[in-house]
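Pasting a structure below so you can have a look.
The values are calculated or read from the model by the stated rules, or taken from the named source; none is laboratory data. From a predicted model like this one, the values you see are computed outputs, not experimental measurements. Using ideal geometry, Cβ is built from the backbone for each residue, glycine included, and neighbour counts are taken over all protein chains shown. Heads up: the accessible areas ignore ligands, DNA and RNA and are worked out on the full protein's heavy atoms, side chains in. Shrake-Rupley method; radii C 1.70, N 1.55, O 1.52, S 1.80 Å.
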Amino acid sequence: MTSSTPSPALDAAGLARYIDHTLLKPEATQADVAGLIAEAVELGVYSVCVSPSMLPLTLPADADLKVAVVCGFPSGKHASSIKAAEAALSVSQGTDEVDMVIDIGAAKAGRFDLVEADISAVRAEIPAPLILKVIIESAALTDDEIVGVCRAAVAAGADFVKTSTGFHPAGGATVHAVRLMRETVGDALGVKASGGVRSHADALAMIEAGASRLGVSGSKAVLSGAAVEPSANPAAY
């Protein structure tokens, strides 16, 4: 996909299946997560994405809903063995997908071998068909660094590359980063746009650029076509 012009062909129900309905605020409670799940079922989104301390989740018996959890979040500055252990615990508690953060400093230093090893350590604890998404914090990277970490993710056997945690001061997803990530991984991996996807137009633009999944907290507003006002707490995204 090369155009950044949003496609009008995707209806709300179709768009919902791209969405990981996300709640990663540090102050989130179990009651908040229960509300997240209820809203996710109502909206028909693909999954809920939560912090690992919130596991295990109780889903309605008939819910067509996956569970995603973050790992090494949000800094990525954890030993690979710790990330791997965190992923293994999440798998044992019923997660379907793990969104891990790479060591951004290793990428900035050009040590893509270390990035690959970090991802491989986590991948080893997530057996197929469970999904591993790799958060690269694209706004903090140059284009060459984005390409390098995406290639490392492919080599390590990841299933997705993901733009952002939503916590980094450099920002979140951009159409440019999503397009570059898609061009780099081709059809081998999914691409998840996350961080600042706050409107229906944002969502469609990211998909047109090559995103196959979206991380969104304000899913109801996005699906209704309304803009979500920026939050004082970027962790909301």
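Would you be able to tell me the number of residues in segment 66-82 that are open to solvent by 30 Å² or more (accessible area, probe 1.4 Å) and under 15 Å from Glu125 (Cα atoms)?
First, pick out the residues of segment 66-82 that are open to solvent by 30 Å² or more (accessible area, probe 1.4 Å): 66, 73-75, 77-82.
After this cut, where a residue has to be under 15 Å from Glu125 (Cα atoms) as well, the list is 79-82.
So the count comes out to 4.
May I pose another question? Across segment 181-212, which residue is modelled with the highest pLDDT among those that are of a type in the set (A, V, I, L, M, F, W, C), part of a loop (DSSP other than H, G, I, E, B) and closer than 12 Å to Ile19 by Cα?
Here is the first cut: in segment 181-212, the residues of a type in the set (A, V, I, L, M, F, W, C) are 181, 185, 188-189, 191, 193, 197, 201, 203-207, 209, 211.
Still in the running and part of a loop (DSSP other than H, G, I, E, B): 188-189, 197, 211.
After this cut, where a residue has to be closer than 12 Å to Ile19 by Cα as well, the list is 197, 211.
On the way: Val197: 95, Ala211: 98.
Result: Ala211.
Any residue in segment 46-55 that is under 22 Å from Glu27 (Cα atoms), open to solvent by less than 10 Å² (accessible area, probe 1.4 Å) and either touching a Phe, Trp or Tyr at 6+ places or on another chain (Cβ under 8 Å) or assigned to a loop (DSSP other than H, G, I, E, B) (or both)?
Residues of segment 46-55 that are under 22 Å from Glu27 (Cα atoms), as a first pass: 47-55.
Filter once more, so that each one left must be open to solvent by less than 10 Å² (accessible area, probe 1.4 Å): 47-50.
This time we only want the ones that are either touching a Phe, Trp or Tyr at 6+ places or on another chain (Cβ under 8 Å) or assigned to a loop (DSSP other than H, G, I, E, B) (or both), so: none.
No: zero hits.
I would also like to ask the following. Return yes or no: is Ala155 touching a His at 6+ places or on another chain (Cβ under 6 Å), more than 22 Å from Val48 (Cβ to Cβ) and at pLDDT 95 or above?
Working: touching a His at 6+ places or on another chain (Cβ under 6 Å): no; more than 22 Å from Val48 (Cβ to Cβ): yes; at pLDDT 95 or above: yes.
Considered against the rule, which asks whether it is touching a His at 6+ places or on another chain (Cβ under 6 Å), more than 22 Å from Val48 (Cβ to Cβ) and at pLDDT 95 or above, Ala155 comes out as no.
Take the residues of segment 98-136 that are of a type in the set (Asp, Glu) and open to solvent by less than 10 Å² (accessible area, probe 1.4 Å): which is farthest from Ala170 (Cα to Cα)? Steps first, please.
Just the residues of segment 98-136 that are of a type in the set (Asp, Glu), to begin with: 99, 103, 113, 116, 118, 125.
In the following step, the residues that additionally are open to solvent by less than 10 Å² (accessible area, probe 1.4 Å) were identified as 99, 118.
On the way: Asp99: 19, Asp118: 23 Å.
The qualifying residue farthest from Ala170 (Cα to Cα) is Asp118.
Please tell me if Pro60 is under 16 Å from the mean Cα position of the chain (by Cα) and in contact (Cβ under 8 Å) with a residue 12 or more places away in the chain.
Details: under 16 Å from the mean Cα position of the chain (by Cα): no; in contact (Cβ under 8 Å) with a residue 12 or more places away in the chain: yes.
The answer is no for Pro60.
So, in segment 121-136, exactly how many residues are in a helix (DSSP H, G or I) and in contact with a Lys or Arg (Cβ under 9 Å, 6 or more places away or on another chain)? Working first, answer last.
From segment 121-136, those in a helix (DSSP H, G or I) are 121-123; that's our starting set.
Adding the requirement that they be in contact with a Lys or Arg (Cβ under 9 Å, 6 or more places away or on another chain) leaves 121-122.
Final tally of qualifying residues: 2.
Of the residues Gly215, Gly172, Gly196, Gly157, which is under 16 Å from the mean Cα position of the chain (by Cα) and at positive phi?
Details: Gly215 fails: at positive phi; Gly172 fails: at positive phi; Gly157 fails: under 16 Å from the mean Cα position of the chain (by Cα).
Among Gly215, Gly172, Gly196, Gly157, only Gly196 is under 16 Å from the mean Cα position of the chain (by Cα) and at positive phi.
Out of Ala63, Ala85, Ala139, report the one residue that is in a loop (DSSP other than H, G, I, E, B) and open to solvent by 10 Å² or more (accessible area, probe 1.4 Å).
Ala63
From the list Ala31, Ala9, Ala16, pick out the single residue that is closer than 14 Å to Ala203 by Cα and modelled with pLDDT of 95 or more.
The match here is Ala16.
Further question: Condition first: farther than 24 Å from Gly195 by Cβ and either open to solvent by 50 Å² or more (accessible area, probe 1.4 Å) or of a type outside the set (Val, Ile, Thr) (or both). Now tell me which residues in segment 88-97 satisfy that. So that I can check it myself, show each step before the final result.
At the first step, the residues of segment 88-97 found to be farther than 24 Å from Gly195 by Cβ are 88-89, 91-94.
Matches in segment 88-97: Ala88, Leu89, Ser92, Gln93, Gly94.
If a residue has to be surrounded by 19 or more Cβ atoms within 10 Å (Cβ to Cβ) and not hydrophobic (A, V, I, L, M, F, W, C) to count, how many in segment 175-199 make the cut?
9
Would you check which residues across segment 146-174 are open to solvent by less than 30 Å² (accessible area, probe 1.4 Å) and in a loop (DSSP other than H, G, I, E, B) and list them?
Answer for segment 146-174, where residues must be open to solvent by less than 30 Å² (accessible area, probe 1.4 Å) and in a loop (DSSP other than H, G, I, E, B): Ala156, Ala158, Thr163, Ser164, Thr165, Gly166, Gly171, Gly172, Ala173.
Given the structure, is Thr165 over 28 Å from Ile37 (Cβ atoms) and among the hydroxyl-bearing types (Ser, Thr, Tyr)? Please lay out each step first, then the result.
On the way: over 28 Å from Ile37 (Cβ atoms): no; among the hydroxyl-bearing types (Ser, Thr, Tyr): yes.
Against the criterion (over 28 Å from Ile37 (Cβ atoms) and among the hydroxyl-bearing types (Ser, Thr, Tyr)), Thr165 does not qualify.
With respect to Gly148, determine if the residue is touching a Phe, Trp or Tyr at 6+ places or on another chain (Cβ under 8 Å) and touching a residue at least 24 places away in the same chain (Cβ under 8 Å).
On the way: touching a Phe, Trp or Tyr at 6+ places or on another chain (Cβ under 8 Å): yes; touching a residue at least 24 places away in the same chain (Cβ under 8 Å): yes.
Judged against the criteria, Gly148 is a match.
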